[in-house]
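Trainee: For reference, the structure I am asking about is given below.
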Amino acid sequence: MGYLSHSNTVTMGTLKWMYDVYNCEQEQWVQAQETEMKKNIQPLLSGDTQLGMICKDYYRNNSFCKDSDGNINLWKLYNLFTDANKSRYIDNFLGKSVNAYEFVEQIRFAL
């Protein structure tokens, strides 16, 4: 009985160690993958106000809103971004428009 009890303890300790090592390595791998993916993603420069306008206009904009199925094409999405950027100062408009274009292009490449 002593051998079985000792063997069980060693096995449980080994399994716990393997579990801890696997989880640690898995978390590190996931973090490395996330870091690598973030390097390839341009930051979205739109602020809260612009994102709120984009979300609102997704439903209400007469020219660029979603269709009856809830779908939107990338051209309309880009126009929602540029329309929201019109409320910005003129010196920020061009940079925000370029950023919107890059963001939509990344979505296009991902699809």
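The values are calculated or read from the model by the stated rules, or taken from the named source; none is laboratory data. This is a predicted model, so every value here is computed, not measured. Neighbour counts run over all protein chains shown; Cβ positions are idealised from the backbone, glycine included.
Trainee: How many residues are among the small types (Gly, Ala, Ser) and either modelled with pLDDT of 85 or more or on the phi > 0 side of the Ramachandran plot (or both) when one looks only at segment 55-111?
Mentor: The qualifying residues number 6.
Trainee: Look through segment 67-103, keep the residues that are of a type in the set (Lys, Arg) and more than 21 Å from the chain's Cα centre (by Cα), and return whichever of them is surrounded by the most Cβ atoms within 10 Å (Cβ to Cβ).
Mentor: Only one residue tops the list, namely Arg88.
Trainee: Follow-up question, since we're still on this one. Please find, within segment 33-50, the residue that is modelled with the lowest pLDDT out of those that are in a loop (DSSP other than H, G, I, E, B) and surrounded by 10 or more Cβ atoms within 10 Å (Cβ to Cβ).
Mentor: The extreme case among them is Ile41.
Trainee: For a quick check of your reading of the model, give me the residue pairs whose first member lies in segment 100-111 and is touching a residue at least 12 places away in the same chain (Cβ under 8 Å), whose second is loosely packed, with under 14 Cβ neighbours inside 10 Å, with beta-carbon atoms closer than 7 Å and at least 6 apart or on different chains.
Mentor: Cβ pairs passing all conditions: Glu102/Gln42; Phe103/Gln42; Val104/Leu74; Gln106/Ile41; Gln106/Gln42; Ile107/Leu74; Arg108/Leu74.
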